[in-house]
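We did not get these values from a lab; they are worked out from the coordinates using the rules stated. Just so you know, these numbers come straight off a predicted model, no measurement behind them. Glycine gets a Cβ as well: all are built from the backbone with ideal geometry, and neighbour counts include every protein chain shown.
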Amino acid sequence: MELEDLLNRVLIGAGIVMTGAAVAIIALNVTLPFGPEVIFLLGGITLLTGLGNVRRRLNGEISETVTPDPERPADNPTPGQDVDRMLYEMRELRQGVNENREHLEERLERLAIAVIRNREDCSVERARAILESGEWTDDEVAASLFTGDRTAAEESGIAQAVLGGTDDVAAFENQFEAAVEALIEIGDVDVSERSDDDEDDDDGSLLSGLGSASGPVEANWNTSHSSIPSFDTDEPFVDVDLKRTNRWLGVTAFGLVAVGLGIIASNPGLMLAGTVGIAYTVYARVSAVPATNGLVVERELDEDDPEPGDEVEVTVTVRNESGSFLPDLRMIDVVPDAFVVTDGVPRLHTSLQSGTTARFTYSVRVERGKYEWPLLAVARDFSGGVERTSLLTPDMELSCIPPLRITNDVPVRAQTTQYAGDVDTKQGGSGLEFHSVREYRPGDPMNRINWKQVASTGELATIDFRQEKAATVTILFDTRQSAYISSATDRPHAVDLSVHAASDVFGALYEQGNLVGVAAFDTVPCWYAPGAGSSHLENARMLFAEHPALSPRPPERQDHESQYIDPMTHVRRRLPSTSQIFLFSPLADDYPPARLRGPPGDGHQSGRDRRRDDRPAADAYRADGAGAVPARAGYPRSQLEPRRPALTRDRQSTGEVGINEHPD
Amino acid sequence: MSIQTDDEMAAVEVTHSPARISSAITVGAALVAVLSTGIFQTLALGIGVGGVAGVAGGLFGLQSERLTVAGVGIVFIGVIVSGAFGPTPPEFLLFGTLANIIAFDLANNAFSVGRQLSAETDTNRGEVVHAAATIAVGVVAAGLAFGIYLVPLGELTVAGLAFLLFGAMLLVWAIRS
């Protein structure tokens with residue numbers, strides 16, 4: 001700092017001396033006390049400084065605010081992306097070759113054992129034996145991944161790791177792909193959604209999936225794809241940054257090079273030309289901080305009470321009440337990550353005189369929750385030398401609450417409570433459907449006496465009807481980080497789909513007179529005890545909309561604090577013993593099945609909803625371990641078509657049965 | 001309601017290409033710089049045309065700021081060559097340099113607007129105001145310089161001018177922040 005100060009003083013001093021000398025030479029016609037060499041030297045210095053300036057410019061030191069692309073969908077991972085990533089790391093970056101390899105082998109082995117168990121209906125040990133003997137497939141390359149050769153290969157693994165041969169990785173990848181293909185074949189995994197692209201140029205798709213251009217649809221996280229640390233703010237005005245852009249860096253070179261050469265070549269034309277460069281250097285240094293704090297932002301929605309998935313038109317009005325001119329104003333409405341802009345542009349570049357107004361309109365697809373979002377204003381002065389970045393949050397809240405629609409009947413199992421309801425039980429009593437005839441016991445109602453029997457035999461008998469009772473159902477969400485996956489970048493992720501479907505199921509179950517509760521396994525406790533009544537329904541709606549555990553935002557991107565406990569713990573502690581469970585999960589890993597089977601004898605029955613759309617075996621790699629589990633675990637599962645209102649349930653080709661027909 | 005993935009409900013395109021108005025003015029200004037000085041010197045014309053090709057390619061083809069700035073630099077080399085080796089009158093050199101610097105600034109602005117906003121954004125007003133400010137400043141400065149150049153102030157020697165400009169430059173640097 002002191003050195004710079006000193007340098008500045010020297011510069012000012014030298015500048016004054018030089019200018020004085022120039023005035024003396026020109027006006028007073030003083031003869032120079034030195035020869036033309038000094039002038040020449042002066043020209044040389046000027047030229048060299050100019051070239052240095054060019055170099056600095058080429059090294060690029062321009063700094064400006066990096067803005068997000070809030071139009072784009074959130075960048076949720078797709079299933080199998082981590083497998084792609086691991087293979088990419090091994091092949092291209094040559095990182096963690098052994099760790100990744102071990103992990104992939106382990107994962108594929110789990111899958112293979114599950115598939116073989118499914119086919120052979122045998123124990124884990126037997127399946128492992130089959131796998132290691134290589135009998136499970138005709139493909140030798142595929143078999144070699146799991147056979148004894150592997151251990152031999154592992155023994156020499158250290159040598160290979162040291163050599164780090166590319167062939168080794170390529171060979172492993174070959175084996176891996178062959179094994180996946182073989183498993184798909186014998187496991188009868190439906191990979192129909194697998195696109196042709198993947199088959200045509202595998203490498204290309206793997207690479208592009210990792211680069212900035214991830215496939216045809218580009219994704220965005222507002223904070224990680226911009227230089228603004230956070231868009232969460234309660235303040236109406238936040239000053240994020242004020243900086244020099246350095247965008248004029250290099251303009252001095254035009255002046256210096258022209259003047260330097262002009263001096264050396266004694267060419268007044270070039271010296272004259274150089275003055276423009278100097279003038280712009282001065283222009284770049286003259287700066288004023290744009291008064292963005294005087295901006296008044298208003299945001300209007302064309303719909304007050306939108307439902308998730310609705311398109312809402314947003315109009316943003318910005319008025320300059322700062323009293324000064326804002327010559328360069330770049331505005332971006334930072335739409336929440338869960339939203340997608342479907343029409344129009346949430347951005348504007350304009351200049352605003354004091355008292356004037358600018359307006360822009362766009363349409364957005366909304367998602368459940370309560371939202372307030374800021375307008376990002378990047379303002380520059382005339383020359384653009386200074387850039388001020390601010391967040392302006394208008395006083396507007398969008399709250400989007402899912403309706404609890406009754407679109408279809410949802411069958412439940414025959415485990416009920418003592419309350420009357422819609423579920424046919426095996427118990428006889430009063431009801432509608434014939435159940436059995438039994439001996440008369442004193443106190444039986446007259447209208448249930450079987451008079452025909454009395455007439456023929458003279459003995460009293462009582463008809464029992466099937467009792468109809470209410471079930472207790474807990475809708476259980478899998479909302480851990482791993483559940484935030486989507487089948488493609490522009491598709492809603494599994495948690496969104498789960499909540500959409502669950503809000504339908506909730507309405508239907510409730511309408512059938514069941515007691516319905518909500519829970520989620522997540523690090524944020526989410527528990528809403530089964531109940532009934534209109535306030536219960538309303539609370540459930542609000543919970544679907546606003547509970548942080550069901551947020552459309554993945555946990556790692558939320559700002560609430562959470563300590564890690566086994567997510568199932570708090571659910572298990574509170575779950576009533578008679579409750580049935582509807583699980584909504586993409587089954588992205590082994591956790592949900594393992595947890596649900598849980599300690600034996602806790603008496604819960606589970607109806608398992610599996611959303612096909614969330615687990616597309618879009619790629620061979622993505623046919624992962626968990627897929628084989630539900631079939632074995634003996635739980636009914638169903639798939640809800642994501643497109644409503646046709647909430648249909650179709651049986652799977654793998655021979656599973658619908659919920660209500662499944663033997664208990 | 002809910003999860004439709006029709007085109008209608010899909011996310012809009014976001015293209016971060018250089019802003020159009022600024023790009024067009026940049027290419028125009030670079031062309032003016034080349035023509036105003038190149039007509040006096042064939043070599044300068046050749047260099048300048050190459051530079052303009054770089055500018056246009058950088059803005060509309062490859063969308064590379066580096067290439068565009070390099071193109072502007074080459075145009076400037078053409079101006080210098082024309083001034084040093086040709087019979088180019090000082091006012092043409094001044095005009096050429098002015099156009100050159102305008103191209104330099106607007107090229108940078110085109111990329112900056114493209115990065116921070118998008119090709120789909122309405123950027124007309126912002127771009128036009130910025131371009132107008134830059135051009136106005138340059139025209140005033142060049143007019144002033146040319147005015148001083150025309151007024152006979154005693155014996156205007158090269159040495160005197162050199163000292164004057166050098167002194168001015170040092171002073172400009174001193175007021176950096």
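In order along the range A:324-332, the Karplus-derived 3J(HN,Hα) couplings, from 6.51 cos²θ - 1.76 cosθ + 1.60 at θ = phi - 60°, round to 10, 7, 10, x, 9, 10, 10, 10, 10 Hz, and Gly and Pro are given as x.
Distance between the 7 Å Cα→Cβ label points at B:LEU62 and A:ARG359: 4.4 nm.
Between A:ASP234 and A:GLU321, what FRET efficiency follows from the Cβ-Cβ distance if R0 is 22 Å, with the result rounded to 0.05?
Values: r = 22 Å, r/R0 = 0.99.
With R0 = 22 Å, the Cβ-Cβ based efficiency is 0.50.
Can you tell me the FRET efficiency between A:TRP451 and A:GLU102 if r is taken as the Cβ-Cβ distance and R0 is 45 Å, rounded to the nearest 0.05?
On the way: r = 76 Å, r/R0 = 1.69.
Efficiency for this residue pair is about 0.05.
Roughly how crowded by other chains is peptide B:91-102, in terms of the mean Cβ count from those chains within 10 Å of each of its Cβ atoms? Mind dumping the intermediate values first?
Numbers: counts 3, 2, 11, 8, 2, 2, 11, 7, 1, 5, 9, 2.
Partner Cβ neighbours, averaged per residue: 5.
Taking a sphere under 13 Å around the Cβ of A:GLU125 and counting the other residues whose Cβ falls inside, with K and R at +1 and D and E at -1, yields a net charge of +1. Inter-chain Cβ neighbour count for A:335-342, averaged per residue, equals 2 (cutoff 10 Å, partner chain atoms only).
Tell me, A:MET446, B:MET169, A:MET396 in order of fewest to most beta-carbon neighbours within 10 Å?
Going from least to most buried by this count: A:MET446, A:MET396, B:MET169.
If you plug the beta carbon distance of A:ALA171 and A:GLU61 into 1/(1 + (r/R0)^6) with R0 = 45 Å, you get a FRET efficiency near 0.45. Distance between the modelled labels on A:GLU37 and A:GLN481, one decimal in nanometres: 7.1 nm (7 Å Cα→Cβ projection).
Under the simplified labelling scheme, the A:GLU439-A:ASP138 pair shows an inter-label distance of 6.7 nm, with each label point 7 Å from Cα along Cα→Cβ.
Neighbour counts of C-beta atoms inside 10 Å place A:SER266, A:SER324 in the sequence A:SER324, A:SER266, starting with the fewest.
Counting other beta carbons within 10 Å of each Cβ, put A:LEU543, B:LEU67, A:LEU587 in order, fewest first. Don't skip to the answer; put the middle values down first.
Details: A:LEU543 20, B:LEU67 17, A:LEU587 26.
Sorted ascending by nearby Cβ count, the order is B:LEU67, A:LEU543, A:LEU587.
Amide H contacts of A:GLY517 (H built 1.01 Å from N, in plane; Pro and chain starts excluded): A:VAL473, A:THR474, A:ILE475, A:GLY531 sit under 5 Å, all sequence-distant by 5 or more or on other chains.
Within 10 Å, Cβ to Cβ, of A:GLU546, how many net charges do the neighbouring residues add up to if Lys/Arg are +1 and Asp/Glu are -1? If you can, show how the numbers build up before the last one.
Working: positive: A:ARG368, A:LYS370, A:ARG541; negative: none.
Cβ neighbours under 10 Å give a net charge of +3.
As a rough guide to protection, the peptides B:31-41, A:238-248, A:531-541 ranked by mean Cβ packing within 10 Å, highest first, stand as B:31-41, A:238-248, A:531-541. If the segment from A:LYS370 to A:VAL289 were pulled out straight at 0.36 nm per residue, it would be longer than the present Cα-Cα gap by 25.7 nm.
Roughly how many debye, to the nearest 20, is the charge dipole of chain B about its Cα centre, given +1 on each Lys and Arg Cβ, -1 on each Asp and Glu Cβ, and no other charges?
On the way: 5 positive and 11 negative charges, 133 e Å.
Dipole size: approximately 640 debye.
Phi angles of the range A:342-349 translate, via the Karplus equation with coefficients 6.51, -1.76, 1.60 and θ = phi - 60°, into HN-Hα couplings of 9, 7, x, 10, x, 9, 7, 10 Hz per residue; Gly and Pro are given as x.
Taking amide H atoms as placed 1.01 Å from N in the peptide plane, the amide H of A:VAL386 lies under 5 Å from those of A:THR245, A:ASP381, each 5 or more residues away in sequence or on another chain.
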